[in-house]
Amino acid sequence: MKKMKKIEVVIDTLHIEHLTNLLDKKGFSGYTIIKDVYGKGERGFMSGDELTDVFKNSYLFTVCEEEKIKEVIEDLRKLLKKYGGVCLISDVEWLIH
């Protein structure tokens, strides 16, 4: 097992590319995106428009070593301030196989 940091972000689907570009630029080797997530938050219940990506959210998660989180945290904060969204960072353990 290896100690890691997990980054979870819920962001408007229209802005997910800004987030992935940031992670790519910072050298993250991978992430998982789940599109069309819905729930209730500051803007009320968000279920999205059926025909467009307006008001739809996506969930992205990735893991990294603690040193890497220090390189990306302020850029994540700026991105979320500009586009909105929620970010959680937690301690996890990676089961190496």
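The values are calculated or read from the model by the stated rules, or taken from the named source; none is laboratory data. Everything quoted here is computed from the prediction, not taken from an experiment. Here the Cβ positions follow ideal geometry from the backbone for every residue, glycine too, while neighbour counts run over all protein chains shown.
Might you let me know whether the range 40-56 holds any residue that is surrounded by 14 or more Cβ atoms within 10 Å (Cβ to Cβ), at pLDDT 95 or above and assigned to a strand (DSSP E or B)? Looking for residues that are surrounded by 14 or more Cβ atoms within 10 Å (Cβ to Cβ), at pLDDT 95 or above and assigned to a strand (DSSP E or B), one finds none in the range 40-56, hence no.
Quick one: in the range 58-91, of everything that is of a type in the set (S, T, N, Q) and surrounded by 14 or more Cβ atoms within 10 Å (Cβ to Cβ), which residue is modelled with the highest pLDDT? Restricting to residues being of a type in the set (S, T, N, Q) and surrounded by 14 or more Cβ atoms within 10 Å (Cβ to Cβ), the top hit is Thr62. Scanning the range 25-37 for residues that are surrounded by fewer than 12 Cβ atoms within 10 Å (Cβ to Cβ), touching a strand residue (DSSP E or B) at 6+ places or on another chain (Cβ under 6 Å) and either among the hydrophobic types (A, V, I, L, M, F, W, C) or farther than 14 Å from Phe61 by Cα (or both) returns a single hit, Ile34.
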